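A short worksheet on the structure shown next.
Nothing in this text is a laboratory measurement; each read-out follows from the coordinates by a stated rule. This structure is a prediction, so every number in the text was calculated from the model and none was measured. Using ideal geometry, Cβ is built from the backbone for each residue, glycine included, and neighbour counts are taken over all protein chains shown.
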C-alpha cells in the first residue's frame, strides 16, 4: 500500500513561493504542486524524539470519512485532524558556548542562559557573536550581534554594557533587513556578571517536530500499518532549495490556506480520485490528507502521528532516522495506548433502488484469495466473504442451492449498499463448491435473481 510521491502542475499568476519562511514573489507561472504520499521510512504520555527535550504529541480531533462517486465507482477517504502547532513540541536548547571563550578564564566569563518556548515551525540555529568586548553591565558598550543561521536577513544587536542589569531576561527579537518585519521566536536570553570576549560566539538551538505521517492498514491491532502520506514542515519551508520540497510547500502554503479560507482549491486537469477541485471546509488549525486507494467491502484503520528526526545544533543538520510518536512496526501490534488512536472506517457503496444494478463479488468465489494477496482479484476481507453490492437500503437476500433448498437468509435495513455473506449456511457450516442462486427482494418489489459460483 505504499504510495509514490506524485505531482501535478498549477498555473498561478503572481504566486508567492516560500523561501526562508517568508513569501517571495516568483516569476514562475507554473508551479509543481502535489499532495505528498511517500513510501514508509524508517500512550497517553508524549513520546520523546531522538533530540534532547523535544516532545512528540498526539494530534487531536482525528476524524475519518468517505465520499463515494457512483458514476466512477470510486472512493475518497478523508482524514482530518487538528494541528499541534505552538504546543509542547517547541523546545529551546541552552546555549552551546564551545566557542564563547577567547581569552578570558572560564570562571570570569559571563555565560548566557536561555528560557522560553519556541514558537517557530522548523529546526533553527541562532548564531550569537560579541562584536564589542567588556564587562556585562559595566561602563561602555558590550554588543552581541545575532542572526538565524541560513536566514541571515533575520538578525539583531544587543547592548549588554552600561545600563544593563546582569541577569535581566529580555526577548530576542529578530528584524528582517529586507522587509523591516520583526520576528519573535519565543527565545529569552540573559547574561550574568562577567567578561565578554571580542569575537566570542555561542549558538542557540530551536526545535520543533518535523511533520505528520498518515498511516493505513487493515489489521485492527495496527500490525500492518504503512505510510500513506507524509507532510514535512522542514521540506515545505525550504521549498525549491536543497533538501526542500515544492510539493510540501504547495500543500502547506497554497492548498491549506485556500481550504481554510474558502473551502475550495482548484487545479487544472484531474488528480487521482480528487478530480479538478477540492471541496473541504477546514478550520484555521485543521490539517487533512486523503486516500484514493480504498476498496469497497474493506475496513481500513488510519493513524496520524507526529514525527521528527532530531537536530544537531553544532552541524545545523537533522538526523537520518525518523522517529514517530506511536512508532508502528510491521507485524507487531501497536501498544494499547496507541491502538486506541486507530480510526476505523468500513468502505461501502451507497444503497440504491435500481435492482438491476445488484451483483455479487467475487464471482466466482475462490477460497484463500483476496485483493491483497492476488493481483486483480477483488475479494473482500476477511477472505471467506462474498459481498452483494448496490442493494437497496431495505431488502431481504436469500441464497438457494440449484435444487431450491434455502441455504442462507438475511434481512438488510441500513445506510449501506453492501450485504456480506461469510459463505456459511444457516447452521454455521461452510457451504461446498458448486453453483448457488441468490435472490434480493426489495421492499418496493422488483426482486432480482443471480447466480453465484463457489470454488473451494
Virtual spin-label span in nm between residue 223 and residue 276, 7 Å along Cα→Cβ:
4.7
When 247, 355, 264 are ordered from fewest to most other Cβ atoms inside 10 Å of their Cβ, what list results?
264, 355, 247
Between residue 332 and residue 111, what FRET efficiency comes out of the Förster formula 1/(1 + (r/R0)^6) with R0 = 56 Å and r the beta carbon distance, rounded to 0.05?
0.75
Using 1/(1 + (r/R0)^6) with R0 = 60 angstrom and r between the beta carbons of residue 411 and residue 61, what's the FRET efficiency to the nearest 0.05?
0.95
Residue 284 versus residue 363: modelled label distance in nm, points set 7 Å from Cα along the beta carbon direction:
5.4
In whole Å, what is the distance between the alpha-carbon centres of the range 259-305 and the range 76-120?
35
Could you list 280, 185 in order of exposure, starting from the residue whose Cβ has the fewest other Cβ atoms within 10 Å?
280, 185
Between residue 426 and residue 72, what FRET efficiency follows from the Cβ-Cβ distance if R0 is 35 Å, with the result rounded to 0.05?
0.40
Quote to one decimal, in nm, the extra length available between residue 258 and residue 241 on full extension: 0.36 nm per residue of separation minus the C-alpha distance between them.
3.8 nm
Expected unfolding gain across residue 88-residue 401 under the 0.36 nm per residue rule, minus the alpha-carbon gap, is 106.3 nm
Residue 97 to residue 320: extension gain in nm, 0.36 nm per residue of separation minus the Cα-Cα distance?
77.8 nm
Most exposed to least, judged by fewest other Cβ atoms within 10 Å, 356, 216 sort to 356, 216
